[in-house]
Amino acid sequence: MSEWLNTVLSRAQSVDDWLSPKREQSLALLRDAKWPNRKTEAWKYTPLRAVENAQFAAPADVEAAVTAIAGLESIDLVFINGRFAAEQSTANLPQGLHITQLADVSEADKTWALQAFAAIKPSRHLFGLVNDALATEGVIIDVAASAKITAPVRIVNQLSENAEAHNRVLVRVAQQASLTVVEQTIGDAYSFNTAFAEYDIADDASLEHYRFALQTDKAMSVGGSHFQLANRSQLNSTLVGFGSSLSRLDVDVTHGGEHAFAKLNAIYLLDGEELFDLHSTIEHAQPHGTTEENVRGIVGDSATAVFNGRIHIHRDAQKTLAELNNRNLLMSNKAVINTKPELEIYADDVRCAHGATIAEIDKKALYYMQSRGVDRAQAQVMLNFGFINELVDQMPNAALAEWLRPQLRQRFAKMEVN
Amino acid sequence: MLSIKNLHASVEEKQILKGLNLEVKPGEVHAIMGPNGAGKSTLGYVLSGREGYSVQDGSASLQGADLLDMDIEERAKAGLFLAFQYPVEIPGVSNLEFLKAAVDAQREARGEEALSSAEFLKMAREASKQVNLPIEFLKRGVNEGFSGGEKKRNEILQMLLLQPKLCILDESDSGLDIDALQVVAKGVNSLRSPDRGFIVVTHYQRLLDYIKPDFVHVLSDGKIVKSGDASLALELEEQGYAWLNKQPEDDAEGLQV
């Protein structure tokens with residue numbers, strides 16, 4: 001048994017609020033849960049030794065100012081070491097957008113939020129259960145029917161040395177409404193966070209979603225984003241990860257209505273001894289759903305990438321279109337990629353494709369660039385970067401793409417080919 | 001300026017060029033026509049140095065420099081340009097970034113100073129206008145999602161920016177409607193100058209109505225079998241290439257006499 005998990009169980013005893021009925025259920029599961037080891041399928045390639053017996057001393061008081069993203073006029077919700085920082089957050093909200101702290105929810109909010117909490121996120125995620133039990137800090141975001149919220153909501157988790165944080169986000173996008181959410185974790189010092197977000201996207205509603213897991217070095221992160229789609233709802237999500245000593249992201253999408261559409265693009269760019277692990281599960285429970293999932297990564301030095309992408313097409317989910325693709329570029333012969341696309345299909349009239357490749361450079365493209373006078377080495381760098389930049393180009397928000405691209409470029413430029 | 005002598009080349013062990021000779025002097029436009037499989041595209045690939053194309057015999061030099069001995073990019077820097085029949089799509093690499101890298105390389109090779117981003121952008125915009133390609137296409141991935149005609153115009157755009165010494169146009173007219181054809185031809189004609197040579201590979205006389213060649217060659221089975229002036233293209237348009245197959249018989253009869 002993990003000492004750290006023991007402290008979680010004892011700490012959970014002192015949490016008592018309106019979410020307690022839900023927390024109790026998760027705690028019950030957590031008490032029976034086994035600490036993952038190498039034989040645990042979901043954690044086979046991602047060791048948890050660093051957390052198993054960890055003790056996180058309380059972080060020193062910090063006054064970290066979170067920097068804005070140039071060109072992005074966002075509604076900011078800032079958490080410093082797990083605590084909501086009102087002074088750094090946006091107070092004025094556009095009409096149709098309602099945001100409230102978990103501790104301040106009204107009776108009206110409680111009726112739906114209590115139902116949705118821990119119901120969109122599957123209970124199999126160990127650290128999700130931990131978050132269920134401990135997350136007293138967090139926000140509820142509610143978008144009124146037909147409200148088109150143009151300003152992106154940016155949720156920032158900033159962590160400093162020794163911090164342990166369990167934040168929660170619960171989002172409801174009502175019928176025909178639209179919203180953009182950016183989840184961002186910052187801070188490379190030794191810390192640990194479980195940031196889980198649940199999204200309920202109603203009929204004809206749409207969500208544009210970004211999750212930037214760009215913590216590196218000693219920061220440990222084991223969060224997730226989980227989406228429930230209804231009839232004709234639309235999800236466009238972009239996940240970007242740098243590796244760290246432990247960086248794991250769980251993503252679940254459930255097509256709970258007909259004609260729902262989910263586009264998931266994920267990028268990882270790993271260097272040094274970093275680890276990044278993405279587990280995604282798409283549940284097609286209803287007919288006529290579409291999923292396009294493109295996962296691309298560049299892995300350098302002795303870094304490790306883990307990708308497990310599962311698509312589960314239920315018996316009633318006829319006419320499903322699902323595509324899952326994982327392409328990797330290895331920059332070094334010590335780099336490791338564990339990739340496993342899984343298709344499980346119980347409907348007979350569906351179109352599905354999946355694939356995983358360790359990519360090589362496109363020789364035709366290389367020749368084409370050289371034939372214009374571009375040196376082979378430079379052409380290779382441009383093509384390698386282009387391999388992930390292609391997904392950056394697809395980000396609907398231009399300001400975010402402009403902000404992300406130089407960070408990727410800089411990281412990529414430092415990576416050595418060996 | 002371009003001197004090809006007795007060129008023998010193969011791809012995947014299949015002999016394609018079987019002793020090709022061609023001299024292109026500065027300011028000249030040479031059209032190469034001929035049936036499918038004659039080796040028209042192979043000539044461009046061999047001269048540009050494409051992987052998988054190997055030369056067994058003969059030589060090719062540009063302004064006295066041995067082309068066949070150079071890396072692909074060195075040939076481009078020496079002034080060779082091949083406008084591709086099927087330009088490659090490169091998603092993720094923006095057209096503008098690609099063009100800038102190519103122009104930078106070209107200027108460096110000529111000993112010229114690199115252009116600033118602003119200077120380059122201005123130049124690229126003007127060139128886009130000239131080939132009737134919307135400015136937005138500069139921001140897209142190289143040829144990504146371009147129609148056939150847009151890809152061809154993007155090739156001409158590159159040619160305008162790079163100002164090569166010898167341009168090979170590989171079926172730049174294929175798949176173009178008459179308007180797009182005129183745009184391509186206009187771009188080429190604007191580059192015609194006393195110190196620049198062209199090889200225009202085409203199936204159809206149509207393109208040559210707009211780009212007037214000084215010489216027309218017929219390439220068949222890896223060799224140039226007939227050369228003439230612009231009127232030869234008109235003849236070919238009327239007669240097709242069937243006569244090529246008859247010729248050996250005629251020769252044989254001639255020998256018997």
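Based on what the data block shows, is A:Glu390 within 24 Å of A:Ala303 (Cβ to Cβ), open to solvent by 30 Å² or more (accessible area, probe 1.4 Å), within 23 Å of the chain's Cα centre (by Cα) and not hydroxyl-bearing (Ser, Thr, Tyr)?
When the stated conditions are applied, A:Glu390 passes them.
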- [ ] Provide a single number: the residues in the range A:345-355 that are open to solvent by 60 Å² or more (accessible area, probe 1.4 Å) and under 11 Å from A:Ile313 (Cα atoms).
- [x] 5
Open item on the list: Quick check on A:Glu342: is it within 12 Å of chain B (Cβ to nearest Cβ), within 20 Å of the chain's Cα centre (by Cα) and either exposed (fewer than 15 other Cβ atoms within 10 Å of the Cβ) or not aliphatic (A, V, I, L, M) (or both)?
Closed with: no
Task: Hits in the range A:220-276 (condition: open to solvent by 10 Å² or more (accessible area, probe 1.4 Å) and not in a strand (DSSP E or B)) - done: A:Ala230, A:Asn231, A:Arg232, A:Phe242, A:Ser245, A:Gly256, A:Glu258, A:His259, A:Asp271, A:Gly272, A:Glu273, A:Glu274
TODO: Within the range B:2-25, identify whether any single residue is in contact with a His (Cβ under 9 Å, 6 or more places away or on another chain), more than 10 Å from chain A (Cβ to nearest Cβ) and assigned to a loop (DSSP other than H, G, I, E, B), and answer yes or no.
DONE: no
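Quick one: in the range A:328-339, of everything that is more than 14 Å from chain B (Cβ to nearest Cβ) and open to solvent by less than 20 Å² (accessible area, probe 1.4 Å), which residue is farthest from B:Ile90 (Cα to Cα)?
Step one: list which residues in the range A:328-339 are more than 14 Å from chain B (Cβ to nearest Cβ), which gives A:328, A:330-339.
If we keep only those that are open to solvent by less than 20 Å² (accessible area, probe 1.4 Å) too, we end up with A:328, A:331-332, A:335.
Numbers: A:Asn328: 17, A:Met331: 20, A:Ser332: 23, A:Ala335: 26 Å.
By that ranking, first place goes to A:Ala335.
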Task: Which numbered condition A:Lys363 fails, given (1) within 12 Å of another protein chain (Cβ to nearest Cβ); (2) touching a residue at least 40 places away in the same chain (Cβ under 8 Å); (3) open to solvent by 40 Å² or more (accessible area, probe 1.4 Å); (4) not hydrophobic (A, V, I, L, M, F, W, C) - done: (2)
Open item on the list: Restricting to the range A:294-311, name every residue that is closer than 19 Å to A:Ser244 by Cα and in a strand (DSSP E or B).
Closed with: A:Val295, A:Arg296, A:Gly297, A:Ile298, A:Val299, A:Thr304, A:Ala305, A:Val306, A:Phe307, A:Asn308
Open item on the list: I need the full set of residues from the range A:14-51 which are free of Cβ contacts under 8 Å to residues at least 60 places away in the same chain, of a type in the set (Asp, Glu) and under 19 Å from A:Asp132 (Cα atoms), in order please.
Closed with: A:Asp16, A:Glu24, A:Asp32
TODO: Please specify each residue of the range A:230-264 satisfying the condition of being out of contact with any Lys or Arg (no Cβ under 9 Å at 6 or more places or on another chain) and closer than 18 Å to A:Ser123 by Cα.
DONE: A:Arg248, A:Val253, A:Thr254, A:His255, A:Gly256
Open item on the list: If a residue counts only when it is hydroxyl-bearing (Ser, Thr, Tyr), which strands (runs of 3 or more DSSP E) contained entirely in the range B:127-231 have at least 1 such residues?
Closed with: B:215-220, B:223-228
Open item on the list: Which count do you get for residues in the range A:25-39 that are surrounded by 13 or more Cβ atoms within 10 Å (Cβ to Cβ) and not aliphatic (A, V, I, L, M)?
Closed with: 4
Open item on the list: Being more than 26 Å from A:Asn397 (Cα to Cα) and exposed (fewer than 13 other Cβ atoms within 10 Å of the Cβ) is the filter here; which residues of the range A:57-82 pass it?
Closed with: A:Ala57, A:Ala58, A:Ala60, A:Asp61, A:Glu63
TODO: Count, please, the residues in the range B:82-108 that happen to be over 20 Å from B:Ile168 (Cα atoms), at the interface with another protein chain (Cβ under 9 Å from one of its Cβ atoms) and among the aliphatic types (A, V, I, L, M).
DONE: 3
Open item on the list: For the range B:172-183, give me each residue that is open to solvent by 20 Å² or more (accessible area, probe 1.4 Å) and over 13 Å from B:Asn132 (Cα atoms).
Closed with: B:Ser174, B:Gly175, B:Asp177, B:Ile178
- [ ] For residues that are buried (at least 24 other Cβ atoms within 10 Å of the Cβ) and touching a residue at least 60 places away in the same chain (Cβ under 8 Å), scanning just the range A:301-311, find the one that is farthest from A:Ala230 (Cα to Cα).
- [x] A:Ala303
- [ ] Among what's in the range B:65-81 and is at negative phi, surrounded by 14 or more Cβ atoms within 10 Å (Cβ to Cβ) and touching a strand residue (DSSP E or B) at 6+ places or on another chain (Cβ under 8 Å), pick the residue that is farthest from the other protein chains (Cβ to nearest Cβ).
- [x] B:Leu68
Open item on the list: For the condition open to solvent by less than 50 Å² (accessible area, probe 1.4 Å), in a helix (DSSP H, G or I), of a type in the set (Gly, Ala, Ser) and more than 27 Å from A:Ile140 (Cβ to Cβ), what is the one hit in A:Ala50, A:Ala12, A:Ala54, A:Ala42?
Closed with: A:Ala42
- [ ] Identify, by number, the condition in (1) closer than 30 Å to A:Arg409 by Cα; (2) at pLDDT below 95 that B:Gly37 doesn't meet.
- [x] (1)
Open item on the list: Among the residues of the range B:44-64, what is the count of those that are surrounded by 20 or more Cβ atoms within 10 Å (Cβ to Cβ) and away from every other protein chain (no Cβ under 14 Å)?
Closed with: 1
Open item on the list: Against the conditions (1) more than 16 Å from the chain's Cα centre (by Cα); (2) on the phi > 0 side of the Ramachandran plot, where does B:Ser54 fall short? Just the number, please.
Closed with: (2)
- [ ] Of the conditions (1) touching a residue at least 40 places away in the same chain (Cβ under 8 Å); (2) away from chain B (no Cβ under 14 Å); (3) among the β-branched types (Val, Ile, Thr), A:Thr357 clears all except one; give me its number.
- [x] (1)
TODO: May I ask you to list the residues in the range A:354-394 that are within 14 Å of B:Ala102 (Cβ to Cβ) and β-branched (Val, Ile, Thr)?
DONE: A:Val374
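I'd like the full set of residues that are of a type in the set (D, E, K, R) and closer than 21 Å to A:Val130 by Cα, limited to the range A:52-78.
A:Glu52
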Open item on the list: Restricting to the range B:124-164, count the residues that are more than 18 Å from B:Ala180 (Cα to Cα) and facing chain A (nearest Cβ under 10 Å).
Closed with: 8
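When only residues in the range A:366-411 that are among the polar types (S, T, N, Q) and within 8 Å of chain B (Cβ to nearest Cβ) count, which is nearest to A:Ile313 (Cα to Cα)? Quick ask: steps written out before the conclusion?
Residues of the range A:366-411 that are among the polar types (S, T, N, Q), as a first pass: A:370-371, A:378, A:380, A:384, A:389, A:394, A:397, A:407, A:410.
From the residues that got through so far, the ones that are within 8 Å of chain B (Cβ to nearest Cβ) too are A:370-371, A:378, A:389.
Values: A:Gln370: 45, A:Ser371: 46, A:Gln378: 43, A:Asn389: 30 Å.
Looking at the filtered set, the residue picked out is A:Asn389.
Name every residue in the range A:407-418 that is at pLDDT 90 or above and open to solvent by 70 Å² or more (accessible area, probe 1.4 Å), in order of residue number. Before the answer, list the steps.
Here is the first cut: in the range A:407-418, the ones at pLDDT 90 or above are A:407-412.
A:Arg409, A:Gln410 - these are the residues of the range A:407-418 that are at pLDDT 90 or above and open to solvent by 70 Å² or more (accessible area, probe 1.4 Å).
The values are calculated or read from the model by the stated rules, or taken from the named source; none is laboratory data. Bear in mind the structure is a predicted one, so any value in this text is a computation, not a measurement. Neighbour counts are summed over all protein chains in view; Cβ atoms, including those assigned to glycine, are modelled from backbone coordinates with ideal geometry. To get the accessible areas, we keep the full protein, side chains included, count just its heavy atoms, and leave off ligands, DNA and RNA. Shrake-Rupley method; radii C 1.70, N 1.55, O 1.52, S 1.80 Å.
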